[in-house]
Ligand SMILES: [Cu+2]
């Protein structure tokens with residue numbers, strides 16, 4: 001290899017270098033995620049509405065009434081990949097835990113951006129929406145369906161924003177797809 005490089009004409013090395021730069025440039029041209037500020041941690045959480053037929057679809061990821069808890073360290077950026085797989089329309093709002101079981105959930109989320117569109121009417125079967133918000137304040141919150149009557153039917157789970165947690169987690173283990181970047 002070394003012998004070849006020494007022996008190779010300069011123009012050949014230049015061509016090879018040019019190709020290398022081109023390949024690097026192509027690799028770097030992959031669309032970048034939104035700039036969140038240096039050092040910001042991000043967690044992606046998969047939330048599937050209406051997964052279980054056993055409960056009539058009034059669940060997130062098959063869990064009702066706070067049976068699933070997602071914990072996120074304070075200050076992390078949260079990306080929720082919401083999908084409705086149920087015949088009924090469903091939505092999602094991050095609300096204070098105290099509002100989890102209200103017949104009419106609040107229309108203002110606990111964090112800016114932490115709710116789907118069409119909160120009261122819901123998104124139809126097959127619809128997806130990605131939410132991005134900053135978990136800026138520690139506390140106990142809830143994933144709540146914003147369609148009136150659904151939360152009281154059990155369609156809520158827990159989100160804990162924790163100053164003590166170092167990494168995101170979910171209980172029971174595997175209840176939600178959680179990835180970090
Ligand atoms: Cu619902």
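Within region 74-102, track down each residue that is within 14 Å of the chain's Cα centre (by Cα), over 16 Å from residue 119 (Cα atoms) and in contact (Cβ under 8 Å) with a residue 60 or more places away in the chain.
Once the filter is applied, which keeps residues that are within 14 Å of the chain's Cα centre (by Cα), over 16 Å from residue 119 (Cα atoms) and in contact (Cβ under 8 Å) with a residue 60 or more places away in the chain, region 74-102 yields only 76.
Yes or no: residue 38 part of a loop (DSSP other than H, G, I, E, B), within 16 Å of the ligand (Cβ to nearest atom) and either at negative phi or modelled with pLDDT under 50 (or both)?
In short, no.
Give just the number: which of (1) outside any strand (DSSP E or B); (2) within 12 Å of the ligand (Cβ to nearest atom); (3) at pLDDT 95 or above does residue 82 not satisfy?
(1)
Would you check which residues across region 87-105 are farther than 16 Å from residue 64 by Cβ, touching a strand residue (DSSP E or B) at 6+ places or on another chain (Cβ under 9 Å) and surrounded by fewer than 17 Cβ atoms within 10 Å (Cβ to Cβ) and list them?
96, 98 - these are the residues of region 87-105 that are farther than 16 Å from residue 64 by Cβ, touching a strand residue (DSSP E or B) at 6+ places or on another chain (Cβ under 9 Å) and surrounded by fewer than 17 Cβ atoms within 10 Å (Cβ to Cβ).
Considering each residue of region 44-61, count those that are touching a residue at least 40 places away in the same chain (Cβ under 8 Å) and within 14 Å of the ligand (Cβ to nearest atom), and give that number.
Matching residues across region 44-61 total 9.
What's the total number of residues in region 105-156 that are in contact (Cβ under 8 Å) with a residue 60 or more places away in the chain and more than 12 Å from the ligand (Cβ to nearest atom)?
Within region 105-156, residues that are in contact (Cβ under 8 Å) with a residue 60 or more places away in the chain and more than 12 Å from the ligand (Cβ to nearest atom) number 6.
The values are calculated or read from the model by the stated rules, or taken from the named source; none is laboratory data. Just so you know, these numbers come straight off a predicted model, no measurement behind them. Cβ coordinates were reconstructed from backbone atoms using ideal geometry, including for glycine residues, and neighbour counts include every protein chain displayed.
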